[in-house]
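See structure below.
What follows draws every value from the coordinates through simple rules; no lab data is involved. None of these values were measured; they are calculated from a predicted model. As a convention, Cβ positions derive from the backbone with ideal geometry for all residues, glycine included, and neighbour counts pool all protein chains shown.
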């Protein structure tokens, strides 16, 4: 089946997650994505190493479906290779500050001088135009500065999410922008720059809390897993584990009240609507905790499902891997990687197209795995490639 981006060439100079995962999604849609790394390998390749060579779990996820080459564009010979790459490319992805882009010749002005149709997707920590524009940052900084971290955990102990949701939200939004720029190019014939930022994505996800603070100034503080704007919405211990129950709206609250034996609470003025229930969430969570404490996880979830109340088990990573629904739907794809003791369960494309989808087709590349092939496509012969290797341009 053809991919919607078949024939599109992407150069991925990204690092860590936001840039590389954007490029990975483009590859999932059929684009030919070339991951360009430092000659010694990018730092992000070696996070949570799983192979003797040091290839890491994160790298295996966000670089699937790509070909890999090494290149030092700071050397004159490397700059010449870069020019040939750009001449035949449609998109360049790079999550680097503007000064670094200019130093590498990856700023939009430099790229457009070589190829006016090029789309540059750049991702920074803080976005352009403000006092933090040239500062560096990671996912956790976005969490911290968005208000999300302050409202997580418990009062006096801000808690960062274990998983890097800011990075992945940034990658998803950058992918949307890239696709929009490619569509615009069909009309205008010219490329443009797509700018994303970690802080911008974090503020997007945390925006409702900021809007409420600006309008009503409730000065909320963290309340662990208990929601402050609806109830019951909390985690609860069962006889053999934990579950999360989440209700929003009057119909679900009425079903819940009947299930746990407090139907009179439907007419209690303390619980008249979601906000009131959130204000009295400790009372509601207390009743839910009592109900869960006498049941196993399976028993509690079965009763909640019969009542059509949203709930799920709190799973460990191993339990998630073993979950029958995850297996049945095919949400994880097993990809063997050279040197790894087991296949990597890589999450497939997080959306499904009824026609034209490609999805995951191959593992992430080893360091420089396709360098010779790509240079050959650019017109370099074997002797020229050997000369580039001799001076560590590739």
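The table below lists the values:
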{"read-out": "Length released on extending from residue 133 to residue 290, taking residue separation times 0.36 nm less the Cα-Cα span", "value": "51.5 nm"}
{"read-out": "Segment residue 180-residue 314, extension gain: residue separation times 0.36 nm, minus the distance between their alpha carbons", "value": "44.5 nm"}
{"read-out": "Distance (nanometres) between label positions extended 7 Å along Cα→Cβ at residue 87 and residue 162", "value": "5.0"}
{"read-out": "Inter-centroid distance (Cα atoms) of region 372-394 relative to region 194-249, Å", "value": "52"}
{"read-out": "Theoretical ellipticity at 222 nm over the chain - DSSP helices of four or more residues, -39500 (n - 2.57) apiece, nearest 500", "value": "-11500 deg cm²/dmol"}
{"read-out": "Shape of the chain, Cα gyration tensor, a/c cut at 1.5", "value": "prolate"}
{"read-out": "Mean Cβ count within 10 Å, highest first, over the residues of peptides 214-224, 159-169, 268-278, 58-68", "value": "58-68, 159-169, 268-278, 214-224"}
{"read-out": "Sequence ranges 137-145, 315-323, ranked by mean other-Cβ count within 10 angstrom, highest first", "value": "137-145, 315-323"}
{"read-out": "Estimated inter-spin distance, residue 254 and residue 2, nm [label 7 Å along Cα→Cβ]", "value": "5.2"}
{"read-out": "Shape category assigned to region 200-300 from the gyration tensor of Cα positions, a/c cut at 1.5", "value": "oblate"}
{"read-out": "0 to 90° range, to nearest 10: angle between helix 297-306 axis and the chain longest Cα axis", "value": "80"}
{"read-out": "Helix 281-293 axis, angle to the chain major axis (alpha carbon atoms, nearest 10°)", "value": "90"}
{"read-out": "Length gained when the stretch residue 103-residue 53 is fully extended (0.36 nm per residue, less Cα-Cα span)", "value": "15.0 nm"}
{"read-out": "Ordering of 334-342, 199-207 by burial proxy (mean other Cβ atoms within 10 Å per residue, highest first)", "value": "199-207, 334-342"}
{"read-out": "Set of region 286-328 residues, backbone N closer than 20 Å to the point 7 Å along the Cα-Cβ line of residue 220", "value": "286, 310-311"}
{"read-out": "Cα centroid separation, region 2-66 to region 88-154 (Å)", "value": "17"}
{"read-out": "Tilt relative to the chain, helix 207-216 - C-alpha long axis, 0 to 90 degrees, to 10", "value": "50"}
